[in-house]
Amino acid sequence: MKKQAAAWGLAVVMLASLAGCGNTPASSPASAGSAAQSTVETQANKDPFGKYEEPITLTAVRYLQDGIEFQEGESLENNVWSREYADTLGIKLEYAWTTPQSEYTQKLNVSSASDDLPDLMWVDAAQLKRMVEDDQLADLTQAYADFAAPYTDQVLHEDGGSAMESATIGGKLYGLPHIQSGYGSCEVLWVRADWLKALGLETPKTMQDVLEIARAFASQDPDGNGKDDTYGLGVNKGLIAENNLAYAVLDGFFNAYHAYPSIWVTDEAGKMVYGGVQPEMKEALAELQKLYAEGVIDPEFGVKDAVKVSENVNAGKVGMFYGYFWTCASGWLQDGKMNDPSIDWVAVPIQSIDGAPAKAMAPFATTYYTVVNKDCENPEAAIKMYNLVLEKMFGETAQPEVYNSTPDSLAVFNYAYSYGEPPMKNLDAQQAVVAALESGDASGLNAEQTNYYEGCKSYEESGDLALWGNYMMYGPTGGLAVINEYVAGGNVITDNYYGAPTDGMAEKNATLQKLQLETFTKIITGSADIDEFDAYVENWMNLGGRQITDEVNEWLAQR
């Protein structure tokens, strides 16, 4: 019996050496599992970066990011990352298909329904849940334990473990989260510092200061042109980041009133509740209604998206707005600064309406996962590829100018199959850069941090406006400095629900989001009384919100 087992094991190893993941005969699924185990043990020896003795081929699908570009003569299957996978790991990627991002979810759903799946896929939370239920995905629990590099494990748990927990179903790991920073989506209040100076006003220290300054910017001719053509607070038609790009949205304004319009929070009883229907929202909406009536907010905000508002901001018509730390960069405030160097912005933390500290709202930032077909012979290959990506981009041996973004600004990180980044990366970089600026010693910086440091130092020495945006992100008083202040003070509130969309969410979320946006817009513009908020809460509950709340709390109880 032992001789038969040994012979079978040898045969499986020989078969694995001749075939890639996608070539296992469909008629013998048992051989796939045995081949995977044998290949893991004999070829890779549980080395997170081990190269296969015999190269393997993985089939994959993915979407292509908008605007993705390649060097002349290169393609998705021939670029710095495809070569790195082949040279370092012995892995060749072959793409079964690609689509624009807008078409990807539907096409993968069709492939899943017909059970025509490659070895590697990107899935969202809903697809992850459904494909696990349909028994289409490999359990990666043991492969991750065996092959995840220490740095990979550190990065994937840097958010407190939420990303990995979201990829775990029934106690088994089924996906590798494309982890991002929720902190990077915390909002900052950007204020025209030159307008403050012109009107003899100080940087706001309370929300009452913010409101007073907004009114002054709209009524006291801060640009000195003798015209009534400025607005105190920029707002786009989406109102909250969930509905539009987070440039001139009101998440930060609501946060000042301890209101959280698009995330799930825990109430005093330990139950999960949706922030957008809590009483704190009503007070904030009442103040926004006043500001609109007084002309502090553009009366046409309801038809202006983020891009249109940014044009007004750069034209010198808006004195403050809530946005991301990077809205000072190229395409946003940087463009206005280049056109008019007299424009000066300052990044200010969200201020509180009362004595309790304001908490900045941070969404759950993982939206995609790399998953592996259950019939793949080398499920560990996906983990090894992720190890390589994180190490070459952000680890001790990182070469970001080669593997992340080239000196001529080609975003080669888009070519990597599983892309994630350390959630604290930008916050840590800002602190390291400022420390180096103060000490004059940049020897401890990694390659990426050195790039930011050199830009900041050059700006301080030369005043080159092309470097202003970088300085306002990574410098001592920029947007990241504000977010680091939030984090250090424990003043960030995160979305407490990070599971797959519930049945109620899948069916009713679009209706509820539309109800919220329409109601909030009507209240702000005065076409509905502030008490319309109470009717909105009742409607939200009756139209599916009550069902979703029950489902979210059931998820909480089962964690």
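The values are calculated or read from the model by the stated rules, or taken from the named source; none is laboratory data. Everything quoted here is computed from the prediction, not taken from an experiment. Glycine gets a Cβ as well: all are built from the backbone with ideal geometry, and neighbour counts include every protein chain shown. Note: areas computed on protein heavy atoms with side chains; ligands, DNA, RNA excluded. Shrake-Rupley method; radii C 1.70, N 1.55, O 1.52, S 1.80 Å.
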**OP:** Go through Trp540, Thr206, Val110 and say which Cα lies farthest out towards the positive end of the charge dipole of the chain; charges sit on Cβ, +1 for Lys and Arg, -1 for Asp and Glu.
**Re:** Val110
Subject >> Furthest towards positive pole of dipole, Gly489, Gln513, Thr502, structure part the stretch 482-527, Cβ charges >> reply: Gln513
**OP:** Could you state the accessible area per residue of the stretch 367-457 in Å², with a 1.4 Å probe and every protein chain left in place?
**Re:** 35
**OP:** Just add up the charged neighbours of Asn314: K/R +1, D/E -1, any other residue whose Cβ is under 12 Å from the Cβ of Asn314.
**Re:** +1
Original post:
Using a basic spin-label model with each label point 7 Å from the Cα along Cα→Cβ, how many nm lie between Asp428 and Asp529?
Top reply: 5.5
Original post:
Which FRET efficiency value, to the nearest 0.05, do you get for Asp146 and Asp66 by plugging their Cβ-Cβ distance into 1/(1 + (r/R0)^6) with R0 = 30 Å?
Top reply: 0.25
Subject >> Between 0 and 90°, nearest 10: helix 29-39 axis offset from the chain longest Cα axis >> reply: 90
Original post:
Length gain on complete extension for the stretch Lys197 to Val307, per 0.36 nm per residue less the alpha carbon to alpha carbon distance?
Top reply: 36.9 nm
Subject >> 31 Å Cα-Cα threshold exceeded, pairs from Lys205/Lys282; Lys237/Lys457; Lys107/Lys514; Lys46/Lys425 >> reply: Lys237/Lys457
Subject >> Label of the coordinate-derived value, mean projected area of the Cα convex hull in nm², listed as (i) 28.3; (ii) 23.9; (iii) 35.2 >> reply: (i)
Original post:
Dipole of the chain, Cα-centred, from +1 at each Lys and Arg C-beta and -1 at each Asp and Glu C-beta, to the nearest 20 debye?
Top reply: 780
Original post:
With each label point set 7 Å from Cα along the Cα-Cβ vector, what nm distance links Asp153 and Val402?
Top reply: 2.7
Subject >> Nearest-0.05 FRET efficiency for Glu461 and Thr266, computed from C-beta distance (R0 56 Å) >> reply: 0.70
Subject >> Antiparallel DSSP beta bridges within the chain, as percent of all bridges there, nearest 5 >> reply: 60
Subject >> Gain upon complete extension [Asp354, Asp135; 0.36 nm per residue less C-alpha separation] >> reply: 73.7 nm
**OP:** Can you send over the carbon and sulfur percentage of the accessible area for the stretch 78-169, probe radius 1.4 Å, protein chains only?
**Re:** 46
Original post:
How many nm is it between the label spots at Gln101 and Ala506, if each spot is 7 Å from the Cα in line with the beta carbon?
Top reply: 2.4
**OP:** Check the straight Cα-Cα distances from Lys227 and name the aspartates and glutamates below 18 Å, setting aside those fewer than 8 residues away within the same chain.
**Re:** Asp194, Glu294, Asp298
Original post:
Relative to a virtual label point 7 Å from the Cα of Glu294 in the Cα→beta-carbon direction, which members of the stretch 509-543 show backbone nitrogen distances below 19 Å?
Top reply: 523-527, 530
Original post:
Once fully extended, how much extra length lies between Ala447 and Leu543, figured as 0.36 nm per residue of separation less the alpha-carbon to alpha-carbon distance?
Top reply: 29.4 nm
**OP:** Determine the calculated [θ] at 222 nm for the chain from helices alone, applying -39500 (n - 2.57) to every DSSP H run no shorter than 4 residues and normalising by the residue count; nearest 500 deg cm²/dmol.
**Re:** -13000 deg cm²/dmol
**OP:** Under 9 Å from the Cβ of Tyr231, count the other residues' Cβ atoms, weight Lys and Arg +1, Asp and Glu -1, and hand me the total.
**Re:** -1
**OP:** State in Å² the accessible area per residue of the stretch 205-280; use a 1.4 Å probe, count heavy atoms of protein chains only, and round to the nearest integer.
**Re:** 37
Subject >> For the stretch 184-234: rounded, prolate or oblate by the Cα gyration tensor [a/c cutoff 1.5] >> reply: prolate
